[in-house]
Amino acid sequence: MSLLIRGALLPEGVRDVLIEDGRFAAIAPEISQPADEVLDARSLALFPSFSNGHTHAAMTLLRGYADDMELHSWLSTKIWPFEAHLSAEDVYWGAKLACLEMIKTGTTFFVDMYWHPRATVRAAVEMGLRAGVCGAFFDFGDPARAEAMRRQVTDLYEQSLGDPESVFFVVGAHAIYSVSAPSLVWLSDFARERGLILHLHLSETRKEVEDCVREHGVRPVVYLDRLGVLGPHVVAAHGIWLDDTERELLACHGVGIIHNQISNMKLASGALDYNALRRAGVRVGLGTDGCASNNNLDMREEMKISSLLAKLLSADPCALPAAEALHTATRGSAEIYGQECGRLAVGAPADCILVNLNDPRMTPVHNVVSNWVYSGGRVLYTICAGRILMRDGVVDGEDEILHEARRCAARLCEKAQCTP
């Protein structure tokens, strides 16, 4: 299957783009080669699609639930009690709702940590997205629970071996305060031995750091280093409360950090110092976190806020400029997970979006990248592996997904006897 996109505006100018067998086959001012489908893009801008490096997809079912709370109280009194009632069907429809939202806002690759991960895999495959998926490993120092969770990781990994190449297995550890030291070591070894990614939350709150110092005598990154957990196979979400020594350790071990500024701002967890991480040489990507704490999965919004916050924290208007912000939200996140997507280049996976130029927010076009990052616009086409997932703003099956997601959320609230 081939697709020829004619006359799209790219950062380097107006180009034709030929897609064959799921990859960019040619990008040039004019392409005369025939294709199975020709798309007139003369009023559209072409960008790489987003890579959401950290989220909890089915938390779309908790959108607007338990807002305006401190993180640890929010988790223990609201989120975890609600999630105790989740079924695989709930996660499936919640993840499909997440996929729908991501397609509508231009994301084609995401990394997810949540309950019933096989349901998320099913949703991602059906919706045509790329995904790295892991379960949520908690043992709270209980050896029996740790053993059960380890068996679950092994089972999930074995099940993943039959998945299509668009999805891949990620080893998940919730956080240092919810996963024991022996389990952290086991999870890291499991991932390293199989060439997998280990994904966890790290230094998200001041309390997490203070508790770690009190219990282990060192800060979280040093604690993980002493356990032998750190390495280029590790990707950590948040990384807010880091000192210079920790940043240097992360860079030395090749650990990737996914920052989630909007969620962190909303929960008042703190603000990641992007510039300090980059100066230390740490690989940095971008994610939205889940809808319970964001409250959306719009990576364009996340990209803008991240850029503005980097400028504010450093008192430097040149910090995290538009082109770098776009890279962090696309190629930067993808590279951390070893993925080829997130770039417009011949031979790369054909994952891209087409944005309406006939939009007040995209007018005039002095700098199309700056417009997209700081002003925004409407995504009309979302393409993953050369397949059009959204055409002229419409995704197949939208109404059913919205209906089923509402049904699941209502049932869960009734079962949990919960109130926002």
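No value in this document is a laboratory result; all are computed from the given coordinates. Note that this is a predicted model, so its numbers are computed, not measured. Cβ: placed from backbone, ideal geometry, glycine included. Neighbour counts: every protein chain shown.
The number of Lys pairs in the stretch 50-336 with C-alpha atoms less than 17 Å apart, excluding pairs fewer than 8 positions apart on the same chain, is 4. Note on S43 and A28: their simple-model spin labels are 2.9 nm apart, each label 7 Å out from Cα toward Cβ.
Counting only DSSP beta bridges whose two residues both lie in the chain, roughly 45 percent are antiparallel.
Relative to the longest principal axis of the Cα atoms of the chain, the long axis of helix 181-194 makes an angle of roughly 40 degrees. The H on the amide N of G172, modeled in the peptide plane, is under 5 Å from the matching H of G135, H199, each at least 5 residues off or on a different chain. 3J(HN,Hα) along the stretch 329-345, derived from phi through the Karplus expression 6.51 cos²θ - 1.76 cosθ + 1.60 where θ = phi - 60°, amounts to 7, 10, 5, x, 5, 5, 4, 4, 9, x, 9, 7, 6, x, 8, 9, 8 Hz, with x in place of Gly and Pro.
Look at the alpha carbon pairs under 8 Å that are at least 6 residues apart: their mean separation over the length of the stretch 77-202 gives a relative contact order of 21 percent. Taking packing as the residue-averaged number of other Cβ atoms within 10 angstrom, the listed peptides 329-335, 353-359, 196-202 run from highest to lowest as 329-335, 196-202, 353-359. The helix-based estimate of mean residue ellipticity at 222 nm for the chain, built from -39,500 (n - 2.57) per DSSP H run of four or more residues and divided by its residue count, is -11000 deg cm²/dmol to the nearest 500.
Taking amide hydrogens as placed 1.01 Å from N in the peptide plane, the amide H of G285 sits under 5 Å from those of I257, I258, H259, each at least 5 positions away in sequence or on another chain. Placing pseudo-labels 7 Å out from each Cα toward the beta carbon at Q152 and D189 gives an inter-label distance of 2.1 nm. Taking 0.36 nm per residue of separation and subtracting the current Cα-Cα distance, fully stretching the chain between V125 and L402 would add 97.9 nm. Taking amide H as placed 1.01 Å from N in the peptide plane, the amide H of V234 sits under 5 Å from that of L198, G256, each at least 5 places away or on another chain.
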